[in-house]
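Note sheet for the following structure.
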């Protein structure tokens with residue numbers, strides 16, 4: 001029997017629906033005839049467009065360069081011609097300038113056989129440069145530039161590296177399949193990362209609903225890799241960095257600190273494989289695995305997708321939508337974003353496209369009244385009091401909300417999920433944060 005670690009007594013247990021795709025191997029999606037590539041695919045400054053209309057580009061060519069240290073490069077996912085620039089909504093609900101590329105020419109990465117090279121002789125500087133130039137970001141959804149995360153500040157040391165294989169959001173199985181379908185690439189990626197940070201303790205944390213991945217990786221690590229596989233209890237939000245660190249190491253990262261302040265670096269499975277591709281294969285981040293799923297999809301799949309492919313094309317490739325679809329979400333149902341239309345391009349941070357039916361979808365009541373049951377407090381893994389924050393924001397007491405930890409809310413959705421009054425707590429907290437930031441700026445704080 002597996003001994004399953006976890007982060008504490010809080011958190012929730014939503015039905016996971018992973019059975020829809022967890023046994024389906026990764027397939028390559030159709031290459032789009034036109035790719036719509038946003039310049040905002042990461043936390044930090046938008047990339048700067050460096051191509052012109054009419055210009056020919058190769059697959060993997062740099063088309064928008066990082067603007068500053070906390071920014072990332074953007075590359076062409078297909079060979080072709082730049083045919084335009086336009087504004088489009090991206091998955092997080094904001095607009096981004098988009099580079100429009102029409103397919104034309106020969107692929108130099110897709111469909112080619114890569115040769116493994118010995119990365120053991122690569123220097124830390126070479127690895128960091130390759131990651132930065134390839135535009136790798138956190139592919140679990142946070143999209144923080146990976147070269148920044150791995151650039152440990154002077155005076156600090158990370159003695160622990162954790163690869164996040166929890167994938168605790170319902171429906172999503174892209175990382176699960178990567179752990180099974182590309183196990184050795186994952187483990188090579190872990191070793192490459194550790195050449196940069198030189199951690200003494202290296203773990204991969206995996207929730208116990210992925211027993212096949214746990215067993216396969218344990219078997220591989222036994223003979224070749226000095227990596228410990230840690231089975232974790234199935235609980236949401238186990239995949240949050242701070243909860244994962246607590247579950248595996250017992251260390252508590254203070255609310256105002258980062259994992260590296262406690263000697264830990266956390267990266268997810270998809271990012272780790274992208275790092276190997278960048279360092280060993282010299283392949284920039286131009287595609288990713290996306291789970292196309294939900295009870296509203298005719299034939300759910302795990303697809304390797306070119307960045308810039310439209311959501312509607314992926315849904316069509318999976319047989320289309322069933323008649324009773326009510327909502328399309330990019331990301332997980334707990335932290336993802338509902339889409340206004342299906343013309344949204346896939347970006348680096350898109351892990352899933354989920355079609356929810358009437359039966360799956362939970363409607364919130366905009367004018368619902370809190371009944372003070374306290375369920376949201378018990379659900380919050382971050383020690384906050386959502387019911388109090390809700391009351392402060394509704395009464396425009398933003399400074400009190402800030403003093404009560406509003407900015408430390410991770411918007412994980414556990415409070416909304418358990419609320420019997422169906423109050424849209426996460427949306428209220430996002431609004432409260434936006435207004436609070438504007439107030440702080442206006443006061444010059």
Of everything in segment 9-24 that's touching a strand residue (DSSP E or B) at 6+ places or on another chain (Cβ under 7 Å) and either at pLDDT 95 or above or not in a loop (DSSP other than H, G, I, E, B) (or both), which residue is nearest to residue 411 (Cα to Cα)?
12
If residue 423 passes every condition in (1) part of a loop (DSSP other than H, G, I, E, B); (2) surrounded by fewer than 23 Cβ atoms within 10 Å (Cβ to Cβ) but one, which one does it miss?
(2)
What about residue 337, is it modelled with pLDDT under 95 and closer than 29 Å to residue 268 by Cα?
yes
Of (1) within 23 Å of residue 192 (Cβ to Cβ); (2) out of contact with any strand residue (DSSP E or B) (no Cβ under 7 Å at 6 or more places or on another chain); (3) modelled with pLDDT of 95 or more, residue 109 satisfies all except one. Which?
(3)
What are the pairs, 6+ residues apart or on separate chains, where a residue within segment 370-383 that is free of Cβ contacts under 8 Å to residues at least 60 places away in the same chain has its Cβ under 7 Å from a residue that is loosely packed, with under 14 Cβ neighbours inside 10 Å and assigned to a loop (DSSP other than H, G, I, E, B)?
371/420; 373/420; 375/420
Within segment 210-256, how many residues are assigned to a helix (DSSP H, G or I) and closer than 19 Å to residue 142 by Cβ?
8
Pick from 52, 4, 58: which is surrounded by 14 or more Cβ atoms within 10 Å (Cβ to Cβ), touching a strand residue (DSSP E or B) at 6+ places or on another chain (Cβ under 8 Å) and either closer than 30 Å to residue 85 by Cβ or outside the structural domain of residue 176 (by TED's automatic domain parsing) (or both)?
4
Those strands (runs of 3 or more DSSP E) completely within segment 257-352 that have 2 or more residues that are in contact (Cβ under 8 Å) with a residue 60 or more places away in the chain and not assigned by TED's automatic domain parsing to the domain that holds residue 178 are 287-293, 301-306
One residue is enough: does segment 80-102 have a residue meeting the conditions closer than 20 Å to residue 188 by Cα and surrounded by 13 or more Cβ atoms within 10 Å (Cβ to Cβ)?
no
Yes or no: segment 115-132 includes at least one residue that is crowded, with 18+ Cβ neighbours inside 10 Å, part of a loop (DSSP other than H, G, I, E, B) and touching a residue at least 24 places away in the same chain (Cβ under 8 Å).
no
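The values are calculated or read from the model by the stated rules, or taken from the named source; none is laboratory data. For clarity, every value in this text was computed on a predicted model and none was experimentally measured. Cβ atoms come from the backbone with ideal geometry, glycine included; neighbour counts cover every protein chain shown.
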